[in-house]
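These notes concern the structure reproduced below.
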Amino acid sequence: MKIEIKGVFNREKTMPLILTGIIILVDQITKIFIANNWPASREVIADVFNNGFLRIIHVRNDAIAFSLGSGIPDVVKPLLFIVVPILVLGFVSWYYFKSDEFTRIQRWAAAGIIGGGIGNIIDRIFRRDGVVDFIDVKFYGIFGFERWPTFNVADSCVVVCCILLFVTILAGSPKKDKKLNE
């Protein structure tokens with residue numbers, strides 16, 4: 001028997017939030033493990049494949065992606081790196097529940113973006129030294145990077161889910177296309 005209270009519980013909208021929770025949990029567990037076991041430095045903790053492609057290092061990022069904004073005065077950083085992302089995630093979450101425009105895969109992608117965003121906001125609020133980054137990948141000089149900027153689980157989820165969301169939006173929604181053709 002399927003129980004659904006209109007406007008309160010919608011399985012299609014709430015199930016992807018499992019992904020949000022898993023991302024937050026895995027992100028925080030990996031960050032706690034790195035932060036508690038190695039000092040923040042650029043020293044290689046582990047070379048996963050012994051060829052320099054994937055390394056684990058412990059660095060702290062007191063800015064946003066690719067260390068953008070690291071030169072901003074410390075007084076302004078909480079507003080730009082905590083309050084603004086919380087407002088953006090609040091809007092995305094509100095739109096997620098309010099809208100029926102998302103396809104199933106777009107809902108899962110949005111849930112992944114929300115989980116990654118929350119994971120990094122937790123660090124910005126509770127870790128004075130900045131967000132814990134630890135995944136270091138060789139990038140072979142593409143875009144001028146010998147190594148891609150160090151990142152974490154939350155960062156990778158946000159990027160992958162944003163790309164997935166963008167591609168599915170560009171590809172068009174089967175639901176919308178059907179309505180337009182009728």
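Could you list, in sequence order, all residues of the range 45-70 that are within 17 Å of Glu146 (Cβ to Cβ), surrounded by 12 or more Cβ atoms within 10 Å (Cβ to Cβ), over 17 Å from the mean Cα position of the chain (by Cα) and not charged (D, E, K, R)?
Gly52, Phe53, Leu54, Ile57, Val59
Are any of the residues in the range 71-94 out of contact with any Pro (no Cβ under 7 Å at 6 or more places or on another chain), of a type in the set (D, E, K, R) and surrounded by 16 or more Cβ atoms within 10 Å (Cβ to Cβ)? So that I can check it myself, show each step before the final result.
Start the filter on the range 71-94 by keeping residues that are out of contact with any Pro (no Cβ under 7 Å at 6 or more places or on another chain), which leaves 71-94.
Retained after the next criterion (residues that are of a type in the set (D, E, K, R)): 74, 77.
Right, trim to surrounded by 16 or more Cβ atoms within 10 Å (Cβ to Cβ) and you get 77.
Yes - at least one qualifying residue is present in the range 71-94.
Can you name the residue in the range 117-176 that is charged (D, E, K, R) and more than 20 Å from Arg60 (Cβ to Cβ) and is also modelled with the lowest pLDDT among such residues? Outline the logic, then answer.
So in the range 117-176, the residues charged (D, E, K, R) come out as 123-124, 127-129, 133, 136, 138, 146-147, 155, 175-176.
Pick out the ones that are also more than 20 Å from Arg60 (Cβ to Cβ) and you get 138, 146, 175-176.
Numbers: Lys138: 95, Glu146: 91, Lys175: 56, Lys176: 52.
The extreme case among them is Lys176.
Among the helices (runs of 4 or more DSSP H) contained in the range 9-104, which hold 1 or more residues that are modelled with pLDDT of 90 or more and touching a Lys or Arg at 6+ places or on another chain (Cβ under 7 Å)? I'd like the intermediate steps shown before the answer.
Working: elements: 11-14, 17-37, 84-98.
The qualifying helices (runs of 4 or more DSSP H) are 11-14, 84-98.
The values are calculated or read from the model by the stated rules, or taken from the named source; none is laboratory data. These figures come from a predicted structure and were not determined experimentally. Reconstructed Cβ throughout: ideal geometry from the backbone, glycine too, with neighbour counts over all protein chains shown.
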